[in-house]
Amino acid sequence: QVQLVESGGGLVQTGDSLILSCAASGRTFSSYTMGWFRQAPGKEREFVAAISWNGGMTRYADSVKGRFTISRDNAKNTVDLRMNSLKPEDTAVYFCAANLVVFTRVAREYDYWGQGTQVTVSS
C-alpha cells in the first residue's frame, strides 16, 4: 500500500516556473513506477509524465516535453515535477500516482493516487 501527498501547487503567471512534489509512504516506494497526471475543469484526466522505478526511464506528454522534468529520490520517497515556461493551458489539478506493474502513461494502470494540487497559470 502506498499513500501519496502532493504539494507545491499555486497561482503563477505565464512563463513562471513551479515545482510539484509528491511524498510517498511505504517501504516499497522504490519499486513503483510514478506518474503525474492533470485534470482541467470539464476535461478528462490526462497523462503528464512518468518515471520508472529507478529513474532510468522517463516519458512525457507532447504538450509538456521540453518544459517539464520528472525526477525521483528513492531515499526520500519523493517524486518531483519541475515545470518551466508555464502556460495558461497548464492550469489544472495535478495528481501523483503509483503503479507496481508497468511503466505506462495509462491512468487506469495506476493503483494509488494522491488528492491533487491545484496549479493555476494566469495570462
* Asked: Taking a 1.4 Å probe, which of 67, 27 shows the most accessible area, and what order do the others take after it?
  -> 27, 67
* Asked: What is the list of residues in the range 84-112 whose amide nitrogen lies under 15 Å from a point 7 angstrom out from the Cα of residue 43, following Cα to Cβ?
  -> 86-95
* Stokes-Einstein D (µm²/s) once Rh is taken as the Kirkwood radius of the range 50-100 over alpha-carbon pairs, at 4 °C in 1.567 mPa s -> 107
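The values are calculated or read from the model by the stated rules, or taken from the named source; none is laboratory data. It should be emphasised that the depicted structure is a prediction, and the values quoted were computed from it without experimental measurement. Cβ atoms come from the backbone with ideal geometry, glycine included; neighbour counts cover every protein chain shown. We work out accessible area using only protein heavy atoms, side chains counted, and drop any ligands, DNA or RNA first. Shrake-Rupley method; radii C 1.70, N 1.55, O 1.52, S 1.80 Å.
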